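The values are calculated or read from the model by the stated rules, or taken from the named source; none is laboratory data. Small disclaimer: the values here were computed from a predicted structure and weren't measured. All Cβ positions, even for glycine, are placed from backbone atoms using ideal geometry, and neighbour counts span all protein chains on display.
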């Protein structure tokens, strides 16, 4: 969902939200997670009954626009998650009334109070026992979050629409109101005056014309679905259809339901982009996940968009439809990240909104290239006097600490922009090949696909696919706060002939949590002979020195030239040789190459990796690479070197994928490590 962002107090403050959850939430006042040095203690704002697992929703409802009411029957199928279950509850706001609850033709004891329906089955249920209940209810739907359920008009024509994220589903139908419990499938039958074209999730199975002047639209969704993604939108829509051709012989319909007064040639042109977006995201993330049903848009009365499964709701802003490419691509990508894989709880909303915001940049890159992508990401990062909606203005951790507040969950700077920048930084850390392989592995993980996920699920898939330990990255960027600030000093000295040692000192300003950030940092060095880019791994320390050997007299050093890191570069200073302070190194050491495994990297597109080593005293140093059979394939260093920390870059172009070894010899010191090349 892309929120309407304004430079004044947002209009979506939820009246009475605190009181509501104080009365109705299942509170788990306990340590939720411990990440790094910070522990999070928070109430969990979920009223859903953990003793039951919901498998199916069937909403058979009637809407009365003139009286702003909803009525009908909702069938809920599920199973018990414990033995001897004598009662359970379903969430439904007390503003609505419950007429009766029926199972197998028998009325059950049910009490509706404090926004829940407590239900007693005819006999206790044991673990795994299935149940099916029908809840007959009605009344005036409630309001929470971004609207939940609205009766409005456009151009004098009535419109009814829903937007249930995050806590609004129980404002208009009985459900288990938590994204952690997705139903296996759903049906939505909507009966209303015949002037309405009624739209919902999945496939339209039929329209019944009733004798009382109403019509019933019957929508069937065959895929798992979270309660907040079940939707309806209804008005005097005009339908505009396009197609997504995903193979030589197969196509999927894209159904656009638009206000008649807005369906112009220019709007059609904007909507026509959807097919291209489906192609781009299917290539990056895997085939569109609801391919046997549809994708589409339903215009509604909220300024923004909401990623309802298979049928995104798109809003109208100051009487103009908001169908621009950034919003359309954002909501479409949610079909993978948010709908197919749903955040298990709102603490991890970045898995929905960060991915969707980053997908805007992905589509922009597909249109205009990598340099344009970098500029677009830079607009997410920046901090200036004209805009407070950038990643640098994010407060607190991306992992949302207060999920009782809708504004905290959907904080635009944090849950959207900074979260998107985290994915950009992860791409910089891994390189293109491993990054996109990791994203696709996450999207296709059979334990998560059509299910729910938390941050650790994503981290595990990325680490498993890339072979890179990323615990430091997720601790500081998802569970930590703010971003690094650097002061950089550099100098060089001539060692022999046309060889120069460049000393780079990276100093970090102390933050709160983490105090210092560990990150790989690219340094571009311009010399009289050639330009060289190396990657150094800056540990989470206040100050660290690096010595890099180059050919040709250095003329400039560029810190993080492609802006892969969310940061402030406070100063970049050159120091003369007389100001040079030698690095104090106490022991010889050969570090693990970074990244490992390695393959294509950004920006060169070459399979390169960096090897760090430390020299404790002046020595003749050799650094040699061998294949698995012991054959030398590269000699990276062979020269006398002074004490210090050094880096060597290994370009494996022309070598096949496999296991390689690199050996450092310095005086009497010898050490060998293994690295893996994946192409």
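Couple of notes before you dig in:
- Taken over the stretch 134-143, the residue count meeting the criterion of being out of contact with any helix residue (DSSP H, G or I) (no Cβ under 6 Å at 6 or more places or on another chain) and surrounded by fewer than 21 Cβ atoms within 10 Å (Cβ to Cβ) is 6.
- Flag for residue 402 being assigned to a loop (DSSP other than H, G, I, E, B) and under 24 Å from residue 593 (Cβ atoms): no
- Of the numbered criteria (1) at pLDDT below 95; (2) within 20 Å of residue 457 (Cβ to Cβ); (3) not in a loop (DSSP other than H, G, I, E, B), the one residue 374 fails is (2).
- Of the residues making up the stretch 216-264, those that are touching a residue at least 60 places away in the same chain (Cβ under 8 Å), assigned to a strand (DSSP E or B) and either closer than 18 Å to residue 316 by Cα or in contact with a helix residue (DSSP H, G or I) (Cβ under 6 Å, 6 or more places away or on another chain) (or both) are 233, 234, 235, 257, 258.
- Only listed residue being buried (at least 20 other Cβ atoms within 10 Å of the Cβ), more than 18 Å from residue 287 (Cβ to Cβ) and in contact (Cβ under 8 Å) with a residue 40 or more places away in the chain, chosen from 452, 462: 452
- Every residue from the stretch 585-635 that is within 24 Å of residue 654 (Cα to Cα), modelled with pLDDT of 90 or more and part of a strand (DSSP E or B): 622, 623, 624, 625, 626, 627, 632, 633, 634, 635
- Among strands (runs of 3 or more DSSP E) entirely within the stretch 144-205, having at least 3 residues that are surrounded by fewer than 24 Cβ atoms within 10 Å (Cβ to Cβ) and in contact with a strand residue (DSSP E or B) (Cβ under 9 Å, 6 or more places away or on another chain) singles out 148-154, 157-163, 185-193.
- Residue 279 under 25 Å from residue 182 (Cα atoms), free of Cβ contacts under 8 Å to residues at least 40 places away in the same chain and not in a loop (DSSP other than H, G, I, E, B): no
- All positions within the stretch 537-578 that are without any contact (Cβ under 8 Å) to a residue 60 or more places away in the chain and at positive phi: 552, 560
- Meets criteria (in contact with a strand residue (DSSP E or B) (Cβ under 7 Å, 6 or more places away or on another chain), farther than 28 Å from residue 364 by Cβ and surrounded by fewer than 17 Cβ atoms within 10 Å (Cβ to Cβ)) for residue 260: yes
- Inside the stretch 100-117, residues that are closer than 29 Å to residue 67 by Cβ, at pLDDT 95 or above and surrounded by fewer than 16 Cβ atoms within 10 Å (Cβ to Cβ) make up a count of 4.
- Any chance residue 229 is surrounded by fewer than 21 Cβ atoms within 10 Å (Cβ to Cβ) and within 32 Å of the chain's Cα centre (by Cα): no
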